[in-house]
């Protein structure tokens, strides 16, 4: 942390800052220049709450230089973390595809989708039983009935399942059924939920909030790890910007940024990023090329009649065609897909 | 809702869309022009899930024209809603100021702050007992002990209290102590929490998410009202933009936009918007002038030593000075403050 | 400037950075801590091009601490600059209103608008003769004929005029007619134009780009001052964000931020920020309350038939009514309007 | 265009809108529903200036449905446009790489870079002679001397050159030397410059403004085409968002969005998007995979000593290594690179 004093800060103000830091057990290093004084704190201790010094007299700004996260950082854990999901490695040598419908609508829909995506090369089945919806009047999901349907599809196809959990109370119930607990974008900073999924021993898929920085995503993952659960898969799913040609703006650079700063696997959701079927395949290919560990894609037997997100869901045919491209690009970047 | 067909849509595709709409019990009105066909649905029925039509063959886009919210809309309820909080009217004739520390740190701190803000003209005391924090290593609040301290301050000063509730399970506990349940910005789309506060009979202060549009804020309020609780105070607290000179960007235009579209009161939080003490007073004055029903301001006996948000908290002196300005501008716009 | 070394930087890498800085004539101050080393440069010299050090081995980041601008800074020139425009002081004791149509459409339109805005209390007439338009097929302005009309209106009402100049070649022509040269938002970083208006001796109204930070606005003003023209009026006109309820998002906090960092006057354009007539008055009042030195407002005899920006232009009646509010709030904040 | 009337619009207000549209020679189609009336105009005529109807009594909003651009649209010109640059096809079957230093610093620097990038597979040389800089105190480029150096490098290596032109007056001079005229991000809406490059017969590389929508980019290209120059290459170079981990946020989805809506070639600049060397290669690969026609990359003999953008420039070695990946992914997506 560096405290930058104002150019007209008095000696008393500078001393005051130094004393404050010392009183917190820190070791301040002042540097006096012709223009101004800066006070550095370059010890290993992580203190996230020193920003109040910004209101001390004579202080211009306080600049943090240490990362606020630790357990998720690559410095702390240099090797990539590989998450084992019922025989599927996420973050390992192979590129992994998760696919399935936005919402569980019924058994036939889910099972036909499970067979189709498996045939095309997906290794994990997605599907929502509890849906967080902007409108109280939208379809909110089938609930536990939806979980049962997902489990039936898993039994039939062998695909592990990932499904969203939307409140701390639901964590035990959803954990009984699924293989990966998904925390959705709107809940990325629902800290009670992060603590709840941090207390189970099950992989968590943590989606980036649509207006959260990469650093905040990593801080939210830190909540989960610091509660004892080390199995976190991060997911970039587009951020909110001024551009409205797509539903969100896929921040493809988040992939290498996260790879540099964290050991956790990072996958991409091209469906929510693009928001329209026809842009999903090229976003999926970009994700592979950028170095993502996998993708999660919305696929539906009949997108035109889907109860939610139909406009961004792929039909079986288009998904299958896209997977050919994914396979070729995965080979090109040295991350060939494992076969089912 | 208007379905805009592509310029090269076939007659069969157009018929298909019309049949789909009819099968949903809607009455489509096609308009065929030289350039393309559009199909309008202009009945009163509100259907929020027609966007999947966007993936039907020949469709270019689906444009919603009816508002997705109803109970919170001014069309539905033309008169301003006034929320009664223990003798203080929010949304009534008088401009209302809520003030107090970011976090409850101890009894002395809160009680001294309560006396100070009351003396300067604040009518409601704020203070956080449960704090949602980006980092798991930051101070998370005193919990129920904090609620007891707030209650003690209320008893001594007579000021009603507003404090944040961060998960559905805490709603009953927090409701025992406070007068207004605050839903924080990060929880604006925590739908489980919205339903929980919608089920109590107590005013709710709903803060706009830093990533949320005004329309989404109103949809979140709709969750609360549709669960039975009509007493919602909206709060603009700054949105996230590319500009980093302030912590957030105060979207002051949200005030007239909300006044036009909703009957609910709207207040402004200049502290979180500005993020730095010296910019808070001018943002507060702007809020009054723009037509807000009140403001909520962070005030601390000693900002330099505050456990959180010190850099944006006002000292008693600066708050008192700011309140002179607030009073003058409130008079100028015909919303004089009520005296304690 | 502070060079933050990586935690695993070698002694050789640190020495290398120090030598590089010394070779540029700078005096580096290294601070070695338990965690890492930082190297500070705290001399008065302003060097804006040291960021390439960020690619030197062992360097994590380079943090600038000195402001990149100088002539426009309050440190350099502590007192407010007052711009004298034909008898009207901008940035002085009185709040100043500029008003008039978006585009000059004809003599009758401009002269009737000039009389109306003068009567309501405006002191400067605005009107566009050269219009930068997103579409090549939109009305591009009357050109020199428009300038002649503005001059006629000035002669009849005595109001000085402000009009936009859109390319360096037009600066001499426009300067012959107007009293303030406006550089529009899209041209804020048109450096050839900034140099051209920096070479004349005439006040410049510099609008903030919709994509520009306050710091970039000040850097653009620095171009003008460093070319010899000290008379710059800054203008906040809304920035582009994810929120689409208004045309732009008025960054009202830019007013106090600029007041803190610069001595130049700052005015607000509520018309382009709001983008819709009904939100303009409350944005105008907010600007007064926030401490702006003035506003610039679009007013048209008949907004419904305006050739551009009709949807955000005020009729004479609404403008007149708004001015009553502006006057009251200006009084409340101690910046009473001067009478014509 | 669709005019959406308010739910309480009177018959007179509706008639008034219909008459207004008819008086403009348009054919309005009103649709009266239970909830409200909408008035559609679905003729082929493109009118970009009907938005003023938004201020007519009883009107809620005006929704444009036709694209505002024409010449650049795929509807108007279904086949891809291929730009021929001295023997290199941009937008053709092969993926094209442009590379070279940010700024021309001297003959040796440019010629060594030209040889190096050619050897690695680049087909066009980039380099800036006129630099638009945020600060007036930054290096502004070597000017015509820089153009002469680029020409020398072209003569020695046979690589065509692309260089930026920053004002209309410089268009004739720069055209004498270069093969592609670059319009930079900050000048994307410098309409005088767009008209100037629209009047020459030379390919133009038009960079997207950092806060411009794809639609605005296409409108700016429309300026060039409507002035007679059909040879425009579009370039996505990152947009400004709240995320600061990278210099800009590469909007990779702009590639398929532009491919859908326009026939013009689209390339990607991963250097300015990423802003840091280590993120450039994965962004480059993502661009290939997403379907871009090419990339433009900053390469420097010695990034640590570069006069500008050193932190995002690749060394020869890293560029060469990246090109191996580009080649493999280009093969995977069926766009193999042509050999020099």
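Computed from the coordinates by the stated procedures, all read-outs in this text should not be read as laboratory data. Treat the numbers as computed from the prediction; the structure is a model and nothing was measured. Glycine also receives a Cβ, built like all others from the backbone with ideal geometry; neighbour counts cover every protein chain displayed.
Which length gain, in nm to one decimal place, applies between residue A:176 and residue A:82 when the Cα-Cα distance is subtracted from 0.36 nm times their residue separation?
On the way: separation 94, 0.36 × 94 = 33.84 nm, distance 2.25 nm.
Additional length available on full extension: 31.6 nm.
Its relative contact order, with pairs defined as Cα atoms under 8 Å and 6+ residues apart, puts the stretch C:262-339 at 29 percent. Taking the three principal axes of the alpha carbon atoms in the stretch B:254-318, the coordinate ranges are 41, 19, 16 Å, sorted in descending order. The same position residue A:119 in the other copies lies at 5.2, 7.8, 7.8 nm from this copy, comparing label points 7 Å beyond Cα toward the beta-carbon, shortest first.
Counting only alpha carbon atoms, the long axis of helix D:214-226 and the longest principal axis of chain D meet at about 80°.
Model label sites at residue D:115 and residue C:202, defined 7 Å from Cα along the beta-carbon direction, differ in position by 5.3 nm. Separation of the stretch A:253-306 and the stretch B:175-244, taken as the distance between their Cα centroids, equals 31 angstrom. The C-alpha atoms of chain B define a longest principal axis, and helix B:107-120 lies at about 80 degrees to it.
Using the Cα gyration tensor of the stretch D:81-236, with a ≥ b ≥ c the square roots of its eigenvalues, what is the shape: rounded (a/c below 1.5), prolate (a/b larger than b/c) or oblate (neither)?
Working: a/c = 1.68, a/b = 1.22, b/c = 1.37.
Here the stretch D:81-236 falls in the oblate category.
Structural descriptor for chain C: relative contact order 16 percent, calculated from alpha carbon pairs under 8 angstrom and at least 6 residues apart. Summary for residue B:57: label point 7 Å along Cα→Cβ; distances to the equivalent points in the other copies, ascending, 4.8, 6.2, 7.8 nm. Reported to the nearest whole Å, the Cα centre-to-centre distance from the stretch C:71-114 to the stretch B:105-172 is 46.
From helices alone, chain B scores -10000 deg cm²/dmol at 222 nm; the rule is -39500 (n - 2.57) for each run of n ≥ 4 DSSP H residues, then divide by the residue total.
Between D:115, D:29, D:77, where does the largest GNM mean-square fluctuation fall for chain D, given springs only between Cα atoms within less than 10 Å? For chain D, modelled as a Gaussian network with Cα springs under 10 Å, the answer is D:29.
When a/c is below 1.5 the answer is rounded, else prolate if a/b is larger than b/c, else oblate, so apply that to chain D with a ≥ b ≥ c taken from the square roots of the Cα gyration tensor eigenvalues.
Working: a/c = 2.33, a/b = 2.15, b/c = 1.08.
In terms of gyration-tensor shape, prolate.
Quick check on the protein assembly as shown: take the gyration tensor over C-alpha atoms, sort the square-rooted eigenvalues as a ≥ b ≥ c, and tell me if it's rounded (a/c under 1.5), prolate or oblate. Cα axes put the protein assembly as shown in the rounded bin.
Of D:51, D:277, D:213, the residue with the greatest mean-square motion in the GNM of chain D, using alpha carbon springs below 10 Å, is D:51. Between C:207, C:27, C:259, the GNM of chain C built on Cα springs shorter than 10 angstrom shows C:27 fluctuating the most.
Take the Cα of residue D:144, go 7 Å toward its beta carbon, and the backbone nitrogen atoms of the stretch D:89-119 under 20 Å from that spot belong to D:104-107. Using the Cβ-Cβ distance between residue A:318 and residue B:75 with R0 set to 45 Å, the FRET efficiency from 1/(1 + (r/R0)^6) comes to roughly 0.65.
Comment: the Cα-to-Cβ extended label point of residue B:75, at 7 Å, lies 2.8, 5.4, 5.5 nm from its counterparts in the other copies, nearest first.
Take the Cα of residue A:244, step 7 Å toward its Cβ, do the same at residue B:152, and the gap between the two points is 5.2 nm.
Using Cα atoms only, what is the angle between the long axis of helix A:11-23 and the major principal axis of chain A, expressed in degrees (0 to 90) to the nearest 10? Roughly 50 degrees, rounded to the nearest 10. Relative contact order of the stretch D:217-295: 29 percent, from C-alpha pairs under 8 Å at least 6 residues apart in sequence. The simple spin-label model puts a point 7 Å past each Cα toward its Cβ; for residue B:6 and residue C:108 those points are separated by 4.9 nm.
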